[in-house]
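Asks: Quick one: structure below, then a few questions.
All of the numbers you see were taken from the coordinates with simple rules; none came from a lab. What you see is a predicted model, and the numbers here were worked out from it, not measured in a lab. A quick note on method: Cβ atoms are made from the backbone with ideal geometry, for glycine too, and the neighbour counts reach across all protein chains shown.
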There are 2 protein chains.
Amino acid sequence: MRAAILAVGSELLGEDRTESNSLRLAKVLADHGVELALKVAVGDREAEIAAEVARLMARHELVLLTGGLGPTADDVTREAVARALGRELAHDAGLEEALRARYAGLGRRMPEANRKQADLVAGAVPLANRHGTAPGQRIDAGDTTLFLFPGVPHELEAMVEAELRPWLLARTGGEVRERITVRTAGLPESEVDELLGPVYERFPRDQITVLGAAGEVRVRLTAGGAAEPRRAFLAALLSAVREALGEAIFAESESATLEGAVGELLRARGATLAVAESCTGGLVSERLTRVPGASAFLLGGTVAYDNELKSRWLGVPPALLAAEGAVSEAVARAMAEGVRSRAGAGYGLALTGVAGPGGGTEAKPVGTVALALAFPGPPPGALSRLVRLPGDRNRVRWHASQLALDLLRRHLEAGRTG
Amino acid sequence: MRAAILAVGSELLGEDRTESNSLRLAKVLADHGVELALKVAVGDREAEIAAEVARLMARHELVLLTGGLGPTADDVTREAVARALGRELAHDAGLEEALRARYAGLGRRMPEANRKQADLVAGAVPLANRHGTAPGQRIDAGDTTLFLFPGVPHELEAMVEAELRPWLLARTGGEVRERITVRTAGLPESEVDELLGPVYERFPRDQITVLGAAGEVRVRLTAGGAAEPRRAFLAALLSAVREALGEAIFAESESATLEGAVGELLRARGATLAVAESCTGGLVSERLTRVPGASAFLLGGTVAYDNELKSRWLGVPPALLAAEGAVSEAVARAMAEGVRSRAGAGYGLALTGVAGPGGGTEAKPVGTVALALAFPGPPPGALSRLVRLPGDRNRVRWHASQLALDLLRRHLEAGRTG
């Protein structure tokens, strides 16, 4: 089965908005082994939408439309699809009743403009919208099936799960593609790829996708076919990947974050953390406080951008700063130990570096970052690293924050006390 | 003139990548009054690309292709366009020479795969690529002109400015659409809209676009037509908007940032800043350190997530915390004054709030944030605000960081000393 997506909305042709509903649709299609062949974005003009619908139907068995189902004059997807199919729009009294009831439940009268949301293309099956007023529609026309979805992302998402996925499941005979996303930190993409060498020898290469970003590499494993062999295959593949990548793996989920994994480890151990930052300017503590309930493990942090504050706030000896320079493992360790003891935390994490564009020297060019972790022991101690990171200021900062969080994660996961 | 964009690349049909080159193209088209009618994304298959090119040419005078100009086997845009036009691909020895010279300049031999990047569709004008190996092409075919651009964003951007913009300028007789983006902070979208009431009465509504986000509203002014009346119109419109929005305006540029504006004001005054944060976890200092050269004005910051650290690190009296609660104007002022004096900075900025999802009470629900600014005077003093912000944890945190930066910006811009 080949599918096309037609996104309707003049705002999608402007310079401000990328279209993202199609990513969600692409995922569901991929889960069910349906090839997405084409994506089109068109403005709010009935004739143009109709022309695109007719054209896409000629070459695709599944056409997914998004947007243009609202109550305003420029919402013309219903009319355009009816025109493309040479069918009438029929007003559905039951749908209108449901719309009026929805408004009544919110203590409001339905604006008359919303009446047209109860118009169905003749022969269409209405699709309930649990989160908004615009019902969707499913229409069979010759060899093609059309789905009309609302453009509001969370309305579309719910409707896709409730309507499209079961439809695809029935159409593809219960077979789906399944996936597991393995997320790693601390290794560059090339090294992950190299470590996966033995896995590539045993498993089909096209079922393993490696996606790299600064300080994080995702490995996506996919399998199709009937449920039992599919799951057995994925379990074997996952086990091989775990063996290959070992402690670089911080999560086996698409939605996990490194800060979330670190927070979970700290929480599970009843441990607390304080962070001392220079070049990252607060990014590490900001990321940790994105985690709901972060107060359980994060006591606080210090952004000692100025060198004098590294001494005054963190107790870094001015002589050490003068001798080693602010960007050095010795200073990072002193910062980590300083913030740990001054916050009364179990762990202290520190970063100091040259994010650029200025400030680089021959010995310590832009991208040089020192990282350190002070740990409680027994006996208490510290470990540190000096790295050179590529890219511009923001990329260096993000990458450094990844490495710092990963330093702590690996230490906690290894259960080391020293 | 009506234009269509055809983005080539199988990765654009997956679930990970939104296509953003078209935003850049849409802007340039809009600048020159050319309507973008359709956007299509297609995979790396020669026959399908060729079919789309033929179809788009039939209805658009300008077709812009992006991607598929690389050296690998799946880069087939050149072949597909030649097929759609019924033309040959001709190898250009001069282009190949230039490619080899480019590699030689980097001290490398050109891989043989790159030879095909010197293939031109018969009749095409090659477009130089200053940032990569893939040359672009411009092809006139009947009533339609095609541009082939590389898919790498910064290569495309440079080529669009060097080739497409002058071509459009010549085609549209020197007339362009011009725009000014006025950026405001501290007002909700509805209030900006209301303040613009008198402007709407004097100027055409469709030349003023209001774009809202958390803690920031952009007002985009556009005008077309010949240069002189266009500029006079824009100047009059801008002056009316300035009068309506006054000190809410922090920049008149699309690319400016609020942290950049604050940094500029501090730098111009030779003033320094320290930041004390709780709910935002370092976001304000992180944003300020995004500005290159931030060390000129930012001394550092304290993330006092834990209440005890608010006292220990910032000198907030425990009795004040007990009496007023951590989320209060009094505590925010004490934090601002504490961080200012302990960092030896001119200004101290502080935030404390309930970002959620937990921690809300009836008196201080999720979204309650206290902000304070301590200033040097003479005489030194502090000002504060208590606000309730809508949305989830991340939205509350971002919005709070906007309001804090804006509090400082307005104080600095007013040139107040007390």
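Asks: Work out the FRET efficiency for B:Leu169 and A:Glu61 from their Cβ-Cβ distance, taking R0 = 41 Å, and round it to the nearest 0.05.
Replies: FRET efficiency, B:Leu169 to A:Glu61: 0.35.
Asks: Right, next: Provide, as a two-decimal number, the C-alpha radius of gyration of chain A over 2.2 N^0.38 Å, N being how many residues it has.
Replies: Numbers: Rg = 27.6 Å, N = 418, 2.2 N^0.38 = 21.8 Å.
Here the Cα radius of gyration is 1.26 times the empirical estimate.
Asks: Still on this structure, please answer the following. Which number comes out as Rg/Rh for the stretch A:261-418 once both Rg and the Kirkwood Rh are worked out on C-alpha atoms?
Replies: 0.95
Asks: Considering Cα pairs under 8 angstrom that are at least six residues apart, work out the relative contact order of the stretch B:328-418 and quote it in whole percent. Mind showing how you got there, number by number?
Replies: Working: 163 pairs, mean separation 25.4, N = 91.
Answer for the stretch B:328-418 is 28 percent.
Asks: Hey, what do the phi angles of the stretch B:139-144 turn into as Karplus ³J(HN,Hα) couplings, whole Hz, using 6.51/-1.76/1.60 and θ = phi - 60°, x for Gly and Pro?
Replies: Each residue of the stretch B:139-144 in turn: 10, 8, 9, x, 7, 10 Hz.
Asks: Ok, one more. If r is the Cβ-Cβ distance from B:Thr72 to A:Arg385 and R0 is 35 Å, what FRET efficiency results, to the nearest 0.05? Write down the numbers at each step before the final one.
Replies: Values: r = 36 Å, r/R0 = 1.02.
With a Förster radius of 35 Å, E is 0.45.
Asks: Can I ask one more? Just counting partner chain Cβ atoms within 10 Å, what average do the residues of peptide B:355-362 show around their Cβ?
Replies: Taking the mean over all residues of the peptide, I get 2.
Asks: Oh, and also: If I histogram all Cα-Cα distances within the protein assembly as shown using bins 10 Å wide from 0, what percent of pairs lands in each bin?
Replies: 2, 11, 17, 22, 23, 17, 7, 1, 0
Asks: Spelling out what I want: for every residue of the stretch A:76-83, take phi, set θ = phi - 60°, compute 6.51 cos²θ - 1.76 cosθ + 1.60 (Karplus), and round to whole Hz; glycine and proline get x.
Replies: Coupling constants for the stretch A:76-83: 10, 4, 4, 4, 5, 5, 4, 5 Hz.
Asks: If you don't mind, there's one more thing I want to ask. What residues have an amide H closer than 5 Å to that of B:Val366, excluding those fewer than 5 places away on the same chain, when H is modeled at 1.01 Å from N in the peptide plane?
Replies: When sequence neighbours closer than 5 places are left aside, the close amide H contacts are B:Gly360, B:Thr361.
Asks: What is the Cα centroid distance between the stretch B:162-204 and the stretch A:264-321, reported in whole angstrom?
Replies: 43 Å
Asks: Okay, moving on. To the nearest Å, what is the center-to-center distance of the stretch B:324-347 and the stretch B:389-414, using C-alpha atoms only?
Replies: 16 Å
Asks: Next up: Relative contact order for the stretch B:178-251 using alpha-carbon pairs under 8 Å, separation at least 6, rounded to a whole percent?
Replies: 46 percent
Asks: Under a Cβ-only charge scheme (Lys and Arg +1, Asp and Glu -1), can you give me the dipole magnitude of the protein assembly as shown about the Cα centre, in debye to the nearest 20?
Replies: On the way: 98 positive and 106 negative charges, 385 e Å.
Using only the charged Cβ atoms, the result is roughly 1860 debye.
Asks: Another one. If the reach is capped at under 26 angstrom between alpha carbons, list the lysines near B:Lys116, excluding any in the same chain fewer than eight residues apart.
Replies: Within the straight-line limit of under 26 Å, B:Lys116 reaches no lysines at all.
Asks: Could you pull out the longest piece of chain B with no exposed loop trypsin sites (Lys or Arg not before Pro) in it, calling a site exposed if DSSP puts it outside H, G, I, E, B and it has at most 12 other Cβ atoms within 10 Å?
Replies: Between the exposed loop sites, the longest stretch runs B:131-415.
Asks: Another one. For B:Asp16 and A:Glu88, what is the calculated FRET efficiency with R₀ set at 41 Å and r taken between the beta-carbons, to the nearest 0.05?
Replies: Taking R0 as 41 Å, the efficiency between B:Asp16 and A:Glu88 is 0.50.
Asks: Given Cβ point charges of +1 (Lys, Arg) and -1 (Asp, Glu) and nothing else, what value in debye, to the nearest 20, does the dipole of the stretch B:258-413 about its Cα centre take?
Replies: Dipole of the stretch B:258-413, to the nearest 20 debye: 200 debye.
Asks: Name the GluC sites (Glu not before Pro) in the stretch B:83-148 that are in a loop by DSSP and that have at most 12 other C-beta atoms within 10 Å, would you?
Replies: Answer by residue number: B:Glu88.
Asks: May I pose another question? Other chains near B:20-32: what is the mean number of their Cβ atoms within 10 Å of each residue's Cβ?
Replies: Average per residue, whole number: 2.
Asks: Let me ask something additional. What are the distances, in nm and sorted shortest first, from the label point of B:Ala296 to the label points of the same position in each other copy, with each label point placed 7 Å from Cα along the Cα-to-Cβ direction?
Replies: Output for B:Ala296: 4.5 nm, nearest copy listed first.
Asks: Considering only DSSP beta bridges with both partners in chain A, what is the antiparallel share in %, to the nearest 5?
Replies: Expressed as a percentage, antiparallel bridges in chain A total about 60.
Asks: Note down the net charge around A:Arg115, summing +1 for each Lys or Arg and -1 for each Asp or Glu among other residues with Cβ under 10 Å from its Cβ.
Replies: -1
Asks: Another question, then. Shape of the stretch B:371-415 from its Cα gyration tensor (a ≥ b ≥ c, root eigenvalues): rounded if a/c is under 1.5, otherwise prolate when a/b > b/c, or oblate?
Replies: Numbers: a/c = 3.64, a/b = 2.40, b/c = 1.52.
Prolate shape, in that a/c is at least 1.5 and a/b is the bigger ratio.
Asks: Whole Å is fine, so just give me how far the alpha carbon centre of the stretch A:87-144 lies from that of the stretch A:230-253.
Replies: 45 Å
Asks: Size of the stretch B:2-171 along its principal axes in angstrom, Cα-based, largest extent first?
Replies: 44, 36, 32
Asks: Measure nothing but the geometry: give the 0 to 90° angle between the long axis through the Cα atoms of B:46-59 and the longest principal axis through the Cα atoms of chain B, rounded to 10°.
Replies: The answer is roughly 90 degrees.
Asks: Using the crude model of +1 on Lys and Arg Cβ and -1 on Asp and Glu Cβ, and no other charge, please compute the dipole size for the stretch A:178-251 relative to its Cα centre, in debye to 20. Please list the in-between numbers first.
Replies: Numbers: 9 positive and 11 negative charges, 70 e Å.
For the stretch A:178-251, the charge dipole is close to 340 debye.
Asks: Applying the Karplus parametrisation 6.51 cos²θ - 1.76 cosθ + 1.60 with θ = phi - 60° to the phi angles of the stretch A:220-233, what ³J(HN,Hα) value in whole Hz is obtained for each residue in order, glycine and proline being reported as x?
Replies: 9, 10, 10, 8, x, x, 5, 4, 5, x, 4, 5, 5, 4
Asks: Right, next: Around A:Gly381, which amide H atoms from residues at least 5 apart in sequence, or from another chain, sit under 5 Å from its own amide H, with H modelled in the peptide plane?
Replies: A:Phe375
Asks: How would A:Ser384, A:Ser239 line up from fewest to most surrounding beta-carbon atoms within 10 angstrom?
Replies: Going from least to most buried by this count: A:Ser239, A:Ser384.
Asks: Lysines within cross-link reach of A:Lys27: Cα-Cα under 25 Å, excluding same-chain residues under 8 positions apart?
Replies: Filter leaves A:Lys39, B:Lys39.
Asks: So what is the calculated 222 nm ellipticity per residue for chain B, using -39500 (n - 2.57) for each DSSP H run with n of 4 or more, over all residues, to the nearest 500 deg cm²/dmol? Please list the in-between numbers first.
Replies: Numbers: 15 runs with 162 residues, N = 418.
It comes out at -11500 deg cm²/dmol, rounded to the nearest 500.
Asks: Once all Cα-Cα distances of the stretch B:178-251 are split into 10 Å bins that start at 0, what whole-number percent is in each one?
Replies: In order of increasing distance, the bins hold 21, 56, 20, 3 percent.
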